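*Asks:* Okay, handing you the structure first.
Derivation of every value follows stated rules applied to the coordinates shown; laboratory data play no part. The shown structure was predicted, so the numbers you read here are calculated from the model rather than taken from an experiment. A quick note on method: Cβ atoms are made from the backbone with ideal geometry, for glycine too, and the neighbour counts reach across all protein chains shown.
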Amino acid sequence: MQRFPLWVRRLARITGNLALATVVLACAAYLLPHFLGYERYVITGGSMSGSIEKGSVVFEKARPVEELAVGDVITYLPPAGSGATTLVTHRIVEIDTDDAGQLVFRTQGDANADVDPWTFSLVDDTQPVVEHTVPYLGHALIALADRGTRMILIGVPSGAIALLALVELVRALRERTETDDEPHEAAPPMARPVP
């Protein structure tokens, strides 16, 4: 049976190596921020448009709450009763202290005309602050959160690999069958040692 031409085998090998390198780099890019102490959040709203666009990924590093300053962009859960039930990434526009001496914050989205209608205190000693932004990457992460998309991205390559393995198996079985069907020469008689 005829094998694929050399250029096809080389192209397949190069494509496989590039795919493997892409997967390794993607895994490293996914895990590396965590090991460097960053938290990441996908921006799903437009309230920070102009500075952080919808679909961006923000990388945040924890900072002591006492070191937060007006202008810092933080991701936090608004207080109960605020009407907001998901995390919000907004800029600190005001910092005060309450009667008990606790820091009280007010934030605003860069694209919003008004400040957020709530004030809040942070319960932890540290708070993640946005340090880096990667535009558009969040769209890919949102797509990967969809089970159907994950199945396509994993299932199609897996199916292709299984199909290629099946083709190679059938080819190997055919070659073996063809060599078994060929007439064999009689083996020469074995010489026996004389005692």
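*Asks:* Given the options Thr177, Thr22, Thr119, which has the most mean-square fluctuation in a GNM of the chain, springs set between C-alpha atoms less than 10 angstrom apart?
*Replies:* Checking each option, the largest mean-square fluctuation is seen for Thr177.
*Asks:* Pick out which of Asp98, Asp114, Asp72 has the largest mean-square fluctuation in a Gaussian network model of the chain, springs linking Cα atoms closer than 10 Å.
*Replies:* Comparing Asp98, Asp114, Asp72 in a Gaussian network model of the chain, the most mobile one is Asp98.
*Asks:* Given the -39500 (n - 2.57) contribution per DSSP H run of 4+ residues, what per-residue ellipticity at 222 nm results for the chain, rounded to the nearest 500 deg cm²/dmol?
*Replies:* The helix contribution divided over the chain gives -13500 deg cm²/dmol.
*Asks:* Fully extended, how many nm does the chain gain between Arg63 and Asp98 (0.36 nm per residue separation, minus their Cα-Cα distance)?
*Replies:* Residue separation times 0.36 nm, minus the Cα-Cα distance, leaves 10.5 nm.
*Asks:* Modelled label-to-label distance, Leu122 and Ala143, 7 Å Cα→beta-carbon offset: nm?
*Replies:* Taking the simple label geometry, Leu122 and Ala143 are separated by 3.4 nm.
*Asks:* At a Förster distance of 35 Å, what's the computed FRET efficiency of Thr179 paired with Leu11, Cβ-Cβ distance as r, to 0.05?
*Replies:* 0.75
*Asks:* A follow-up question, please. Which of Ser47, Ser56, Ser82 moves the most in a Gaussian network model of the chain with Cα springs under 10 Å?
*Replies:* Per the Cα network of the chain with a 10 Å cutoff, Ser82 tops the list.
*Asks:* Just rank Phe105, Phe35, fewest to most, by other beta-carbon atoms within 10 angstrom.
*Replies:* Lowest to highest Cβ neighbour count: Phe35, Phe105.
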